[in-house]
Structure formats: structure tokens, C-alpha cells
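These notes concern the structure reproduced below.
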Amino acid sequence: MPGVAWWVGDAKGVIASGALGHAALEPAAVPLEFDAAFDLASLTKPLATALLAVMLDRERRLSLDTPLEAVFPELRASPFGRATLRDTAAHRAGFPGWTPLYATATTRDAYVAAIAACARRGAPGGTLYSDLGYILLGFAVERAAGATLDELFAERIARPLGLTRCGFAGTSGSFDGAAATERGNAYEQTLAGTAAQGYRFRAGVLRGQVHDGNAWGLGGIAGHAGLFGTAADVAAIALAILDPRRLGLSAGALDPMLQPVAEEDGIRTVGFLRAKDSESVRGILPDGAVGHLGFTGTSLWIDQRQPRIYVLLTNRVHPAVPSVPFTATRRAFHDLAAKL
């Protein structure tokens, strides 16, 4: 990984924080500063989409127990229509993990139609991690609130917490100084294969543009990816999940994000994975700690027992996605951090 930033602490303050390495190696070497923003990748799911969904559910502007077909009529004839938004938020709706929607779809409606046409994956009631489900959850949040995800995040999360370097980059260029990710989209092009034949993938080093292709196809603003932020900003949101009063909510208002949706397996909450089911922290953090990983090399874990926050942000996919798994690095970091 060219660069890394970290934040470990609790409501009383920082226990350890810092940054090392480079924000970019190409086209020129750029040292990494602690206040550099990173492409948070799938941390978008809990820190923006799930958080906003729970907030709207508390306000009765959206119900997490609403079937998807009630929000998206296109799903009535699909295998997913009777799954609820809560199922979707906990990856229990049966959606495939990923498909290159951008290859044939260019609008939100077209994305919904393409997802509706997918075959169901996984056993009924089982858990299967899915970007597609969170794309729909993001659309549902926008419909319920009458605003886009970037507007909602800025108004409901960033502003109350005083976050100045955290938000959706979109296509505005506002995060041009962020840690760089991949040179072009070679990894995703290989993954998409013939399904994206003829699609014009981006070239050059991606910096300040969301790395994920499906999010880029939606203008960089999506329920599963698109959020950028610094290590301190990620920590601030995590602390607000532990203490919702920081967001002007009552104590316990965000408990669905900390408690498993289904007691029989206890794998996922609304937005997070439990530590006992993650190779990155299993046996290091308590089983009930919750967190999430991002493909670009990011992660957040919340140990509500202590309580303590662990933020690790890297640009491991710069300038190319490495073939070496990242799990050992994540475990080493958390092993050290948990002993502080």
C-alpha cells in the first residue's frame, strides 16, 4: 500500500493517529498528510446509506420493514420483491454480489430494471453480501427524503458533526487531492469480461473520482460507494453511531446498526458485519464488535463494549490492484491497535 492513515480512540479523544507513505505514486509522488481524504469505497454503505435509512426510519419517513416491491414496482415480478429494506440493509435479500450495471444502464430507472432482471442468489433467509442491494437502498432513501444521497449526507451527517473533508465526490472535482486509487479500471474491466464489451473504461490514475464502476455510472453518488473522507471524519461518524445525540437524535436511536438483524445467525446488523464473522478481526476484537471493509483498502470497526473506534484507511489499489490478499495487514493493524 503506498499510503496509510489511522485513527484509534474513543469519546474521550485520540489514543493513536497518524499517516505514512504517499497519497499518490503516479504520475508523481505525493506525500500523504493525515488530513487527506480517501475513497472510502464500501464504507459508504454503513456511514451514509444505512445511517440515513435508520434515521429516516426513526422519523417514520421510511420503514425498514417495507417490502422492496412497494418502493420499486419493477421488482414485483422479480425474486426480490417481498424482501424488505431491512433485509436489503443486512444483505439478506438474495441479490447477486455484483454485476456491471453500467455496461447497459445509464439512469437510475435503468439500474433498477437491470437489478430486477437478475437471478436470485443464495438460500432464502441467508446472507450474501451485495452491492446491488445497497444501490437500491440508496435509491429508496432518496425517494423517501426527496433529496439525493450527497445532499442528505451533507445536511444530516456532515454539517451536524462539523465534517469539512467528508462527502460524496460525485463528478465535481472537489476531492481532487484525495489519495489516488487505480490506474484506469483494469481490475473491473477484467472482472466484467464480455458483459462490458464495448464499454469505455476510464484511463489514467483515478484521484478524486470514485473507483467503483457502478457508482461512477451514477455520477459518483450511490448507496454502495462514492463517499470520501479522512480518518478523523470516519471516526467522528462512528462516535455518533455510538452516541446519536451528536446528530441531534435520542440515545439508542441508531441501535439497529449495532445489533444483529437476525438472531439465528447474528452475522449482520443494519449496515455492519459482526467481528466474529470477519477474518480481519476475528479473535482480536470482541465477537459483538461491528465494522465494515472497503475494497480500496479502508475499514472501520466499532467495539461498543469499551467503547473504542478503529479506523484504517489505505490506497492499496494504487496504482494497480495487488494480487496479495489484504487480510493479514488488516489483522496485524488491529492486533496492535487493540493492545493500546
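Tabulated data
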| item | result |
| --- | --- |
| Only listed residue being outside any helix (DSSP H, G or I) and touching a residue at least 60 places away in the same chain (Cβ under 8 Å), chosen from A140, A105, A123, A119 | A105 |
| Selection within segment 3-14 - touching a Lys or Arg at 6+ places or on another chain (Cβ under 8 Å) and either crowded, with 18+ Cβ neighbours inside 10 Å or β-branched (V, I, T) (or both) | V8, G9 |
| Contacts under 7 angstrom Cβ, first residue in segment 216-241 being more than 23 Å from S130 (Cβ to Cβ) and in contact (Cβ under 8 Å) with a residue 24 or more places away in the chain, partner surrounded by fewer than 24 Cβ atoms within 10 Å (Cβ to Cβ) and hydroxyl-bearing (S, T, Y), 6 or more apart | A231/S17 |
| Residue that is within 29 Å of A196 (Cα to Cα), in contact with a Cys (Cβ under 9 Å, 6 or more places away or on another chain) and of a type outside the set (S, T, Y), where the choices are L40, L68, L75, L47 | L40 |
| Residues that are within 14 Å of I221 (Cα to Cα) and in contact with a strand residue (DSSP E or B) (Cβ under 8 Å, 6 or more places away or on another chain), drawn from segment 36-60 | D39, L40, A41, S42, L43, T44, K45, L47, A48 |
| Qualifying positions in segment 303-340 - farther than 20 Å from G3 by Cβ and either of a type in the set (A, V, I, L, M, F, W, C) or buried (at least 20 other Cβ atoms within 10 Å of the Cβ) (or both) | D303, R308, I309, A338, L340 |
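Every residue, every condition in (1) within 30 Å of A236 (Cα to Cα); (2) buried (at least 22 other Cβ atoms within 10 Å of the Cβ); (3) at pLDDT 95 or above; (4) not polar (S, T, N, Q), yes or no:
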| site | (1), (2), (3), (4) |
| --- | --- |
| L101 | no, yes, yes, yes |
| A105 | no, no, yes, yes |
| Y111 | no, yes, yes, yes |
| I135 | yes, yes, yes, yes |
| A140 | yes, yes, yes, yes |
| R159 | yes, no, yes, yes |
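The values are calculated or read from the model by the stated rules, or taken from the named source; none is laboratory data. Everything numeric in this text was worked out from a predicted model, so none of it was measured. Counting neighbours? That spans all protein chains shown, and the Cβs are built from the backbone with ideal geometry, glycine included.
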